[in-house]
1. Sequence neighbours fewer than 8 away in the same chain don't count; with that in mind, list the aspartates and glutamates whose C-alpha is under 16 Å from K42.
2. Longest span of the chain, sites excluded, free of trypsin sites (Lys or Arg not before Pro) in DSSP loop with at most 16 other C-beta atoms within 10 Å?
3. In debye, nearest 20, what is the charge dipole magnitude of region 15-87 about its Cα centre with +1 on Lys and Arg Cβ and -1 on Asp and Glu Cβ, if you could check?
4. Enumerate the lysines that K86 could reach by cross-link, defined here as Cα to Cα under 28 Å, with residues fewer than 8 away along the same chain left out.
5. Which of V16, I41, I61 sits closest to the plus end of the dipole of the chain, meaning its Cα is farthest towards the positive end, when Lys and Arg get +1 and Asp and Glu get -1 on the C-beta?
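Readers should treat all values here as calculations from the given coordinates under stated rules, not as data from a laboratory. Since the model is a prediction, treat every value here as computed from it, not as a measurement. No Cβ is skipped: glycine too gets one built from the backbone with ideal geometry, and neighbour counts run over all protein chains shown.
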Amino acid sequence: QLFFPPMTQDQRKESVKGAKVMTDNAKVAIRNIRKSANDKIKKLEKDKEITQDESKSAQEIIQKITDKFITQIDGILREKESEILKV
């Protein structure tokens, strides 16, 4: 059996900081994926494989997906933050 003493308030704050760093890293990764996808779409448009309207539509869909995941990440952070700070 393992015994873990309760976390101090400072330890809780440090854990929240760590969670925020992880959240920021996840957001950067998502934005990098968005940029990569948009670059591929723009290349298809440049190579005349898709129209300008199709390119714009695809980029809007990519942005909606990006926004959805950023919102999810922010929600998870809020939940974890309140869970960690709850004494």
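1. Reachable aspartates and glutamates: D53, E54, E60.
2. Values: sites that count: K48, K86.
Here the longest run is 1-47.
3. Working: 17 positive and 13 negative charges, 49 e Å.
It works out to roughly 240 debye.
4. Hits, sequence-local ones excluded: K13, K17, K20, K27, K68.
5. V16
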